[in-house]
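Here the structure comes first, spelled out in structure tokens, and everything after it is commentary.
The values are calculated or read from the model by the stated rules, or taken from the named source; none is laboratory data. Everything numeric in this text was worked out from a predicted model, so none of it was measured. Neighbour counts are summed over all protein chains in view; Cβ atoms, including those assigned to glycine, are modelled from backbone coordinates with ideal geometry.
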Amino acid sequence: MAQGQISPLLLLLLLFFLLLPRRCLSIYCDEDDCYDLLGVSQNANASEIKRAYYKLSLKYHPDKNPDPESRKLFVKVANAYEILKDESTRQQYDYAIAHPEEVFYNTAQYYRAYYGHKTDARAVLVGFLLFVTLLQYLNQWTRYTQAISMVKRTPAYKNRLKALELERTGGITNKKKGHKQLDKKMEEDLDNELELQIQGVEKPSVWKLLGVQFLLLPYTVGKLLMWRAWWLWRYQIKRHPYSWDDASYLTMNSLNIGTSTWHGIDDSVKDDLVTRRLWEKANMETYRAEMRKESKRRR
């Protein structure tokens, strides 16, 4: 962006914040002032507000005045009276007038007063979780299918599929329509055989969705606490030697690598890493020093 120019996004944000105070007040009586609609001052008491409303309602009621504009005025007057007759909502409106800059607070107070008692917060939470979970699943599925589609277009995948076809048919390829089902079956088998692992993209799993994780939260927390208690009892109190799986877990944490990376390491290298007990600080420092020395040697 050239110096001195203002991006359209910045202009939109500036305009948004300039209009926020006015928009906040308009949620009460549209673009009008609630007191002006009733023809009273902001210091008017409850009796004066009530008398003003009754007077105007008789004047603009559709049964008394057939003018179409009167119907609109009657609705506005009735809405202003609903806001000002209640001490709580009137205080909120007065506060919004005095503090128009507190946009989000005033807006939240308005919706809490008029809609909060009608909506169960638990239902809102469940609905929000379901909506987010659906979006999460659709996003994961789209990314996964796109990644799989890209892999299937690579020469390596096509060559492997052709080799599998030759293996299944004894070296004879057949492109007749009757073999389409066989081709599809071989493609499915190849997908299972290769266990396509796309870096950064996982196949959508119901158990990993936000909504499911929220429902399983008590179980997950309980299981984690039980595992932690078992770990403390076995390895810190009873001083048992670490099992292979637990030693591998400590090694992965020490090296800051994931399970998929760990599974890709050669078994002999795994044995060496676990034997080194890298979760102990001194051993890890020695290992890092060896890795730095090896890196320099290779350079």
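When we screen R234, R239, R228 for residues that are surrounded by 11 or more Cβ atoms within 10 Å (Cβ to Cβ), assigned by TED's automatic domain parsing to the domain that holds E285 and charged (D, E, K, R), the only hit is R234. Residues in segment 248-259 that are part of a helix (DSSP H, G or I), free of Cβ contacts under 8 Å to residues at least 12 places away in the same chain and surrounded by 11 or more Cβ atoms within 10 Å (Cβ to Cβ): 2 in all. Within segment 30-57, the set of residues being in contact with a Ser or Thr (Cβ under 9 Å, 6 or more places away or on another chain) and of a type outside the set (D, E, K, R) comprises just one member, Y35. Filtering L58, L20 for residues that are under 20 Å from A113 (Cβ atoms), in the same structural domain as A113 (by TED's automatic domain parsing) and at pLDDT below 90 leaves a single hit, L20. Of the residues examined, W262 is one that is surrounded by 13 or more Cβ atoms within 10 Å (Cβ to Cβ), closer than 30 Å to V151 by Cβ and not assigned by TED's automatic domain parsing to the domain that holds G127.
Just one residue in the set K50, K76 is assigned to a helix (DSSP H, G or I), basic (K, R) and touching a residue at least 40 places away in the same chain (Cβ under 8 Å); that residue is K76. Of everything in segment 193-214 that is modelled with pLDDT of 60 or more and in a helix (DSSP H, G or I), the residue that is surrounded by the most Cβ atoms within 10 Å (Cβ to Cβ) is G211.
The number of residues in segment 215-247 being touching a helix residue (DSSP H, G or I) at 6+ places or on another chain (Cβ under 6 Å) and either assigned to a helix (DSSP H, G or I) or of a type in the set (D, E) (or both) comes to 1.
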